Amino acid sequence: MAELAHEPGSAVETAPARRRMPLRERLRLGAATTAGRVVGVASRAARRGSGASIQGQVMVRIDPDAFDKLLRGRTIAAVTGTNGKTTTTHLLAEAVRASLGHQAGRLVTNADGANLDYGIASALSTAPKADLAVLETDERIVPALVRKGRPRVLVLLNLSRDQMDRHHEIKGVARSWREAIAAVAPDEPVVIGNAQDPLVVWAAEPARRVIWIDPAGHWTADAALCPSCGTVLTRSDSRWDCPGCPLTQPTADIVVSGEPDALVIIDADGRTWEPQLNVPGRFNVGNAAFALAAARELGVHPGTAFTGMRRVTSPAGRFAQAQFGETRARLVLAKNPAGWAEALPVCATQTIVLAIDSVAADGRDVSWLWDVEYEQLAGRTVIATGPRAQDLAVRLSYAGVEHRTIPDLAAALSGHPDPVDVIATYTPFQRLRRMAGLGR
C-alpha cells in the first residue's frame with residue numbers, strides 16, 4: 001500500500017481560514033511591507049547581505065505591530081537551540097513541503113537564517129496568505145514568539161555556551177523558555193525536546209505534552225549542575241540524574257541509534273528508519289529526529305517526511321562545496337565548543353582550514369577555543385586563518401598540532417591541489433560564501 005503523505009485532519013491537510021485584518025491595519029502593514037521590500041532590495045544590490053534583517057527593521061519602524069500581525073492565524077512550528085536550528089528548520093520545512101505537493105505555497109519559512117524578530121517578520125511578509133510557518137527562532141526571542149504566535153510545535157534542540165557577551169548565562173535563557181511556556185497555559189505548544197539536555201528538560205517541564213528525543217549527542221560540558229536546584233548532576237550509562245531533586249533524564253520517545261556510519265532513527269511506534277540524509281554528520285541525524293517528530297505533529301507521514309528531508313544538501317551554505325581559484329573546499333560552520341566538537345569529526349580531508357573571527361555575530365570572547373579538542377587534528381595539515389588566527393594558533397600550539405598561520409582568508413585557501421575542509425565561525429563563513437559566489 002502506498003504511504004499517505006499526511007494524516008487525515010492534520011495541519012497540512014486543510015488550510016484554515018485566516019482572520020481578515022481591519023482595513024486600517026492592512027493598509028499600515030501594506031505600507032510597511034512595501035517600504036521594507038524596497039530597502040531590502042537596495043541592501044542586496046549594495047551587497048550588504050540578504051536584506052532580510054533591514055527589511056524587517058523598516059517594517060517594524062513603520063508598523064510597530066507588524067511582527068504580531070504577521071504571526072496571527074498561522075499554524076507555526078518554531079525551531080530553536082544553540083546549535084542545529086538552521087539545518088533542522090530546513091529539514092522540517094522540506095518534510096512539510098513534501099506533504100503539500102502542489103499546495104507548497106501554503107508554507108513560509110525563513111530559510112536564509114534571519115531568525116530574530118526582524119528577520120521572521122521579513123520572511124512572513126513575503127507570503128501573507130501562507131497558513132503554515134516553519135520558523136528558525138533565535139533563543140532570545142522564543143518568549144515573544146510563544147506569546148504572540150502561539151506555535152503548535154516548539155522544537156528545543158539544546159542549550160550551550162554561545163556568544164556569551166550576548167546570551168550571558170544559558171540558564172537564564174532556559175528560564176525564559178520555561179516561563180514563556182508556563183505563561184501561555186493551557187494553550188502552550190507541544191514541545192519536541194532534547195532528553196539529553198538538562199536545561200531543555202527543565203525548561204519544558206510546564207508543557208502540556210513533550211515528545212522526547214535522544215539524539216545520541218556527546219556534549220555535556222555545559223550541563224554539570226541541575227538547573228532546578230543547583231546540585232551536581234550524576235551520569236551513568238549515558239544518562240543524567242539529579243540526586244538533589246526529582247529532575248532526571250526522561251525516557252526518549254524517538255531515539256538515534258547505531259554505529260556512527262550507520263545511524264538509524266527509531267520512532268515512537270518502534271519503527272526503524274534509515275534517514276539517508278544528504279548532509280553529513282551524526283549531529284544531523286539527530287536534527288532529523290527532531291524534524292521527524294515535529295513533522296508528525298503537523299500530520300506529515302514519516303515516509304513523506306524523509307523524502308523531503310533528503311532534498312536538503314547545503315542549508316544556508318552549510319556543507320556547501322565551493323571553488324576558490326583552483327582549490328575545492330567544503331564549508332562547515334561551527335560557532336562554539338559544542339559545534340566544533342561535532343564539526344571536527346566530519347572533516348575527512350588531509351588539509352583543514354580553520355577560520356576564526358570575534359565580531360558581534362561570532363561573539364567577542366574567544367576563550368572558548370580552549371574547550372575544543374583540537375588535539376584530534378594532530379598529523380593533519382592545519383591552517384589557521386581569519387582576524388583571530390593568532391589566538392587559534394596559540395591554542396593549536398598547546399594542543400601539539402603543527403600548523404601554519406595565514407590571517408588572510410583568500411591566501412589561506414590558495415594553492416591546494418586536493419580538496420580541503422574549512423571550518424569557520426559565522427563571520428568568516430559568510431565571507432567565504434560570498435567569495436565563492438554562494439551568498440550575498
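If you take the residues of the range 93-134 that are among the polar types (S, T, N, Q) and not in a loop (DSSP other than H, G, I, E, B), which of them is surrounded by the fewest Cβ atoms within 10 Å (Cβ to Cβ)?
If we filter the range 93-134 for residues that are among the polar types (S, T, N, Q), which is where we start, we get 99, 103, 109-110, 115, 122, 125-126.
Next cut, not in a loop (DSSP other than H, G, I, E, B) only: 99, 103, 109, 122, 125.
Details: S99: 28, Q103: 14, T109: 24, S122: 31, S125: 24.
The selected residue is Q103.
If I filter the range 66-82 for residues that are of a type in the set (G, A, S), under 18 Å from L135 (Cβ atoms), surrounded by 17 or more Cβ atoms within 10 Å (Cβ to Cβ) and not assigned by TED's automatic domain parsing to the domain that holds A123, do I get at least one hit? Spell out how you get there, then give the answer.
Narrowing the range 66-82 to residues of a type in the set (G, A, S): 66, 73, 77-78, 81.
Still in the running and under 18 Å from L135 (Cβ atoms): 66, 73, 77-78, 81.
Next, from what is left, pick out any that are surrounded by 17 or more Cβ atoms within 10 Å (Cβ to Cβ): 66, 77-78, 81.
When the remaining residues are screened for being not assigned by TED's automatic domain parsing to the domain that holds A123, the result is 66.
Yes - at least one qualifying residue is present in the range 66-82.
Do you know which of the residues in the range 280-300 that are modelled with pLDDT under 95 and part of a loop (DSSP other than H, G, I, E, B) is nearest to R235 (Cα to Cα)?
So, considering only residues that are modelled with pLDDT under 95 and part of a loop (DSSP other than H, G, I, E, B), the one nearest to R235 (Cα to Cα) is G281.
From the list A268, A289, pick out the single residue that is crowded, with 19+ Cβ neighbours inside 10 Å and assigned by TED's automatic domain parsing to the domain that holds L225. Full working, then the answer.
Details: A268 fails: crowded, with 19+ Cβ neighbours inside 10 Å.
Criteria check complete, one pass: A289.
If L247 satisfies all but one of (1) free of Cβ contacts under 8 Å to residues at least 60 places away in the same chain; (2) in contact with a strand residue (DSSP E or B) (Cβ under 6 Å, 6 or more places away or on another chain), what's the number of the condition it fails?
For L247, the exception is condition (2).
Run down W219, W177, W240 and say which single residue is assigned by TED's automatic domain parsing to the domain that holds V134 and modelled with pLDDT under 95. If you could, list the steps in order and put the result at the bottom.
Values: W177 fails: modelled with pLDDT under 95; W240 fails: modelled with pLDDT under 95.
Just one listed residue meets the conditions, W219.
Scan the range 143-164 and report the pairs whose first residue is more than 19 Å from T89 (Cα to Cα) and whose second residue is among the acidic types (D, E), with Cβ atoms within less than 7 Å and a gap of 6+ or a chain change.
That search, which allows pairs on different chains as well, returns K148/D68; R161/D222; M164/D365.
Given the conditions (1) of a type outside the set (D, E); (2) touching a strand residue (DSSP E or B) at 6+ places or on another chain (Cβ under 6 Å); (3) at pLDDT below 95, which single one is not true for I352?
Status for I352: all satisfied but (3).
Taking only the range 386-431 into account, find how many residues are outside any helix (DSSP H, G or I) and at negative phi.
Pass one, the range 386-431, residues outside any helix (DSSP H, G or I): 386-388, 399-408, 413-425.
From what's left, at negative phi: 387-388, 399, 401-408, 413-414, 416-425.
Of the residues in that region, 23 qualify.
Just checking, how many residues over the range 218-251 are within 19 Å of S160 (Cβ to Cβ) and assigned to a loop (DSSP other than H, G, I, E, B)? Steps first, answer last, please.
Quick first cut of the range 218-251, residues within 19 Å of S160 (Cβ to Cβ) only: 218-228, 230, 232-233, 235, 238-240, 242, 247, 249.
Next, from what is left, pick out any that are assigned to a loop (DSSP other than H, G, I, E, B): 218-224, 226-228, 230, 233, 238, 242, 247, 249.
Looking only at that region, the number is 16.
Return yes or no: is V332 out of contact with any Leu (no Cβ under 8 Å at 6 or more places or on another chain) and closer than 19 Å to V279 by Cβ?
Answer is yes for this residue.
Report the residue count in the range 389-428 for those that are aromatic (F, W, Y) and at pLDDT 95 or above.
The initial filter retains those residues of the range 389-428 that are aromatic (F, W, Y), namely 398, 426.
Then keep just the ones that are at pLDDT 95 or above; that gives 398.
Within the range 389-428, residues that are aromatic (F, W, Y) and at pLDDT 95 or above number 1.
Would it be correct to say that L263 is crowded, with 19+ Cβ neighbours inside 10 Å, more than 30 Å from G172 (Cβ to Cβ), of a type outside the set (D, E, K, R) and free of Cβ contacts under 8 Å to residues at least 60 places away in the same chain? Explain how you work it out, then say what you get.
Numbers: crowded, with 19+ Cβ neighbours inside 10 Å: yes; more than 30 Å from G172 (Cβ to Cβ): yes; of a type outside the set (D, E, K, R): yes; free of Cβ contacts under 8 Å to residues at least 60 places away in the same chain: yes.
Criteria met by L263.
Quick one: which residue in T313, T304 is touching a residue at least 24 places away in the same chain (Cβ under 8 Å) and assigned to a helix (DSSP H, G or I)? Talk me through it step by step, then tell me what you get.
Details: T313 fails: assigned to a helix (DSSP H, G or I).
Selected residue: T304, the only one of T313, T304 that is touching a residue at least 24 places away in the same chain (Cβ under 8 Å) and assigned to a helix (DSSP H, G or I).
Filter the range 150-172 down to the residues that are crowded, with 20+ Cβ neighbours inside 10 Å and at pLDDT 95 or above, then identify the one that is farthest from the chain's Cα centre (by Cα).
For the range 150-172, the residue satisfying everything is P151.
Given the options V200, V142, V146, name the one that is within 14 Å of T80 (Cα to Cα), in contact with a Gly (Cβ under 6 Å, 6 or more places away or on another chain) and assigned to a helix (DSSP H, G or I).
Values: V142 fails: in contact with a Gly (Cβ under 6 Å, 6 or more places away or on another chain); V146 fails: in contact with a Gly (Cβ under 6 Å, 6 or more places away or on another chain).
Just one listed residue meets the conditions, V200.
Does V382 fit the bill of being within 23 Å of F283 (Cβ to Cβ) and either assigned to a strand (DSSP E or B) or more than 26 Å from the chain's Cα centre (by Cα) (or both)?
Numbers: within 23 Å of F283 (Cβ to Cβ): yes; either assigned to a strand (DSSP E or B) or more than 26 Å from the chain's Cα centre (by Cα) (or both): yes.
Yes: the conditions hold for V382.
Among (1) more than 17 Å from the chain's Cα centre (by Cα); (2) assigned to a loop (DSSP other than H, G, I, E, B); (3) of a type outside the set (D, E, K, R); (4) crowded, with 19+ Cβ neighbours inside 10 Å, where does A360 come up short?
Exception for A360: condition (4).
Give the number of residues within the range 272-286 that are within 21 Å of V191 (Cα to Cα), of a type outside the set (V, I, T) and touching a strand residue (DSSP E or B) at 6+ places or on another chain (Cβ under 9 Å).
Of all residues in the range 272-286, those within 21 Å of V191 (Cα to Cα) come to 283-286.
Cutting the leftovers down to of a type outside the set (V, I, T) gives us 283-284, 286.
Right, trim to touching a strand residue (DSSP E or B) at 6+ places or on another chain (Cβ under 9 Å) and you get 286.
Within the range 272-286, residues that are within 21 Å of V191 (Cα to Cα), of a type outside the set (V, I, T) and touching a strand residue (DSSP E or B) at 6+ places or on another chain (Cβ under 9 Å) number 1.
The values are calculated or read from the model by the stated rules, or taken from the named source; none is laboratory data. All figures in this text were calculated on a predicted structure; none of them were measured in a lab. Ideal geometry is used to build each Cβ from the backbone, glycine not excepted, and the neighbour counts take in all protein chains shown.
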